[in-house]
Amino acid sequence: MRRVASGVTLAALVLLPFFGSNYALDVANRCGIAVIGVLGLNILTGFTGLISLGNAAFMAIGGFSAAFLITKAGVNGFAAIPAAGAIAALLGMIVGVPSLRLKGLYLAMATLAAHFIVEFTVVKWESVTGGVSGMSVPAPALFGVVLDNDRKLFGLVLLLALAALLFARNLFRARPGRALIAVRDHETAAAVMGIDVFRAKISAFGLSAFFVGVAGALAAIQSRIISPESYPLSLAIDALSMVIIGGMGSVAGSVLGAVGLTLLPEGLRAATNALSGQWPDLISKLSILKELVFSILIIVFLIFEPHGLAALWRRAVRKRHATTQQQPEGGGK
Amino acid sequence: MTAMALSIRDLFLSFGGVSALSGVSFDVRPGEIFAIIGPNGAGKSSMLNCISGLYRPQRGTIAFGETPVTGLPPHRRARLGIARSFQNIALFKEMSVVDNILVGRHLHARTRLLSAGFSLPSARISEKAQRAKVDEVVAFLGLGAVRDEPVGTLAYGVQKRVELARALASEPKLLLLDEPMAGMNSGERDDMVRAILETNAAHGVTIVMIEHDMGIVMDISDTVCVLDFGRRIALGSPSEVRDDPHVIKAYLGEEDD
């Protein structure tokens, strides 16, 4: 049953470029990129328990690294994506060093500082980043295939999102992934079981930043032009919302949160458009409306379901399972 | 002369002027069950924390076999073969029983981030081997019925057993147990005593244990060390310690009827 469902979903995704509208493919790309980025943040915050407000900064590092590598270093666009991830990973590990001493709110503040340092650097380091005017990002091209629109880009985004999901799923079923969860659940116990806690935290920062950096590079390639304003702090908050609402420490939750909260504003947009006849000024309040709905959702989930959509999903599946198993005994209703 | 399993020399530990340990020394012989007893606040848990590396003593040395470990962080000591349980249960509460015990296998596997993420054959082989070992420990401690349960939902006594299982999965040479029987009913106590004795006998694991249940301490220990206000006031076989006037005064006197 599950296999059928995921097969159908995958088939629909593979066929999407052949019949989806331009708008649908734009949204689909943004969903896929969000999945990669949110998975990255979830590895750090959900699985390892290290709160980070530096997500937008790592997106920026990924985006500007890709842009620089393609335009100024002459690197092929396809190679620039993992390279951008690697640069983000390296800087992520450096940002992670204070996590040895800092926890919770204090670590959040340290990563917030990292956000502003990156923002400042991007604005001032004009020779590399183009300063306030930003950079344009050429489409990746290989053997005559140029990914210069959402339709063509979607295959790459889908492939990378699936690879990221598989990687994360495998990781948390094996030794290094368990070590990260152990550090989150009980740092002292993890240490006396032989886990090098500092090393675990640094690798979580590195891996997380790699995913987020790749997402940043893809986002830059999708939007074709980036500037310091492309990566506001609210982007980091949005990613954190997706992790919380989707499900902390859950791979499936990362997908649900990323896709759900990327589609939500689109739904709101459609709703406000439909209602604009009655309330014409509603459209101008769309962005505020979006923030409001996000905020309310976070509060609701934190109170009623801290494990997010992933937990709701699991419960629903179990319920279905229970009822289908009961039916033969209970007879027809 | 064979090396001691553990040699504690002249250990001093204080927290902001309040001294927890003042010049404690003792040796633990390989393969023995060594009990540390004493009234509340005697420094028993502080001693265990010094041995596992959670506390750094201000003075004194700790040697594990021939290896000085005084300055080593906890994870390095674990790699040498020191495992422990905690007085207050310290499990990974979001993980299942099996996953908790699998963490105990951490130092016996080499799988790194990338080989795990890409699920390379080496990672899969290693994972399979670790799981086989964990199954042995699960069977040994009778945890089969709860193996896939999230550990936070289990009864207190069962959680204590999972903690022991996690420590045993690391195949330690030295096992430190901080009140392994605390809060258990008599049936659970019997199970725990049996598990400790079997671990000690079958695997030759040296055990250093803090325990308040005097009946059990006197029954199963080879050596008993009595601490009071951070000092060692007695050391010897259970019968020697029982008859020691200092001990009767400081500790057992209150419990005798």
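Around the amide H of B:GLY60, modelled in the peptide plane, lie the amide H atoms of B:PHE12, all under 5 Å away and 5 or more residues distant in sequence or on another chain.
Computed over neighbours whose Cβ is under 15 Å from that of A:GLY63, the net charge equals +1, Lys and Arg +1, Asp and Glu -1. Of all lysines in the structure, the ones whose alpha carbon falls short of 26 Å from that of A:LYS319, not counting any fewer than 8 places away in one chain, are A:LYS333, B:LYS93. Across the stretch B:4-21, rounded Karplus estimates of 3J(HN,Hα) from the backbone phi angles (6.51 cos²θ - 1.76 cosθ + 1.60, θ = phi - 60°) give 6, 5, 8, 10, 9, 10, 6, 7, 10, 9, 9, 10, x, x, 8, 8, 9, 9 Hz, Gly and Pro being marked x.
At what distance in angstrom do the alpha carbon centres of the stretch A:40-83 and the stretch B:21-93 lie from each other? Using only Cα atoms, the two centres lie 43 Å from each other. Rounded to the nearest whole Hz, the Karplus-based 3J(HN,Hα) values (6.51 cos²θ - 1.76 cosθ + 1.60, θ = phi - 60°) of the stretch B:180-195 follow the sequence x, 9, 4, x, 9, 7, 5, x, 5, 4, 4, 4, 5, 4, 4, 4, with x at glycine and proline. In this simple spin-label model, placing a label point 7 Å from the Cα along the Cα-to-Cβ direction at both B:ARG194 and A:PHE304 gives a separation of 4.8 nm. Comparing Cα centroids, the stretch A:217-237 and the stretch A:90-118 end up 20 angstrom apart. Of the DSSP H helices in chain A, those that are both long (alpha-carbon extent of 18 Å or more along the helix axis) and hydrophobic (Kyte-Doolittle mean at least -0.5) are A:2-19, A:22-41, A:55-71, A:77-96, A:104-124, A:150-171, A:197-223, A:233-246, A:251-275, A:286-304. Taking the fewest neighbouring Cβ atoms within 10 Å as the starting point, the ordered list for A:HIS307, A:HIS115, B:HIS108 is B:HIS108, A:HIS307, A:HIS115.
With unit charges on the beta carbons (Lys and Arg positive, Asp and Glu negative) and the dipole taken about the Cα centre of the protein assembly as shown, which residue among A:SER99, B:GLY81, A:ALA88 sits farthest to the positive side? Going by the Cα projections, it comes out as A:ALA88. Its Cα centre serving as origin, chain A has a Cβ charge dipole (Lys and Arg +1, Asp and Glu -1) of approximately 1020 debye. One compactness figure for chain A is 1.04, namely its Cα radius of gyration divided by 2.2 N^0.38 Å. Rg of the Cα atoms in the stretch B:14-55, relative to 2.2 N^0.38 Å, amounts to 1.26. Would you mind checking A:LYS72/A:LYS124; B:LYS173/B:LYS249; B:LYS44/B:LYS173; B:LYS133/B:LYS160; A:LYS152/A:LYS201; A:LYS201/B:LYS44 for any pair whose Cα atoms are more than 26 angstrom apart? Pairs exceeding the cut-off: B:LYS173/B:LYS249; A:LYS152/A:LYS201; A:LYS201/B:LYS44. By DSSP, what percent of the beta bridges with both residues in the protein assembly as shown are antiparallel, rounded to the nearest 5? Antiparallel bridges make up about 60 percent of those DSSP assigns within the protein assembly as shown. Each label point was placed 7 Å from the Cα along the Cα-to-Cβ direction; for B:ARG110 and A:ILE288 their separation is 6.2 nm. Taking label points 7 Å from Cα along the Cα-to-Cβ direction, A:THR71 and B:LEU120 give a separation of 3.8 nm. Measuring r between the beta carbons of B:SER237 and B:ASP135 and using R0 = 41 Å, the FRET efficiency lands at 0.60. Summarised as an ellipsoid, the stretch B:90-170 has semi-axes of 24, 13, 10 Å, derived from the eigenvalues of the Cα gyration tensor scaled by 5 and square-rooted, with the largest first. Taking 25 °C and 0.890 mPa s as conditions, the protein assembly as shown diffuses translationally at an estimated 91 µm²/s according to Stokes-Einstein applied to its Kirkwood radius (Cα pairs). For the residues of B:110-122, the average number of beta carbons from a partner chain within 10 Å of their own beta carbon is 5. The amide H of B:ALA234, built 1.01 Å from its N in the peptide plane, has B:VAL226 as neighbours under 5 Å, considering only residues 5 or more places off or on other chains.
Values quoted throughout were computed directly from the atomic coordinates according to the rules given, and no laboratory measurement underlies them. Because the structure is predicted, anything quoted here is derived from the model rather than measured. FYI the Cβ positions are ideal-geometry reconstructions off the backbone, even for glycines, and counts take in every protein chain you see.
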